Amino acid sequence: METARRYYPAEIERLESSIASLIAEGRLRGPISGEELYSFLRRLGLAFSMDVKIRIKEHGELKSIEEKLRKSSS
């Protein structure tokens, strides 16, 4: 939501008010995942870039793809 707000501050402010109203009226329940929110914003025409980092959990530790590949080639 913070990334979307940097790109579209006025639109996100209105969207937050609308979502709050829907929750207060009981018309929207449950959490909204980041993926669902991103997809919804894209359908509204609010396109923006996200800083995406993929991490792999191995033996309880999160590693970047770079770290994983470096270890497996050693």
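Some notes on this structure:
- ARG43 vs. criteria within 20 Å of the chain's Cα centre (by Cα) and surrounded by 10 or more Cβ atoms within 10 Å (Cβ to Cβ): no
- Test: residue in the range 24-33 that is open to solvent by less than 60 Å² (accessible area, probe 1.4 Å) and either touching a residue at least 12 places away in the same chain (Cβ under 8 Å) or of a type in the set (Phe, Trp, Tyr) (or both): no
- Residue count for the range 3-17 satisfying the condition of being open to solvent by 60 Å² or more (accessible area, probe 1.4 Å) and either among the β-branched types (Val, Ile, Thr) or under 15 Å from PHE40 (Cβ atoms) (or both): 5.
The values are calculated or read from the model by the stated rules, or taken from the named source; none is laboratory data. Predicted model, so just to flag it, every value in this text is computed and none were measured. Because the Cβ atoms are built from the backbone with ideal geometry, glycine has one as well, and the counts that use them run over all protein chains shown. With ligands, DNA and RNA removed, areas are computed over all heavy atoms of the protein, side chains included. Shrake-Rupley method; radii C 1.70, N 1.55, O 1.52, S 1.80 Å.
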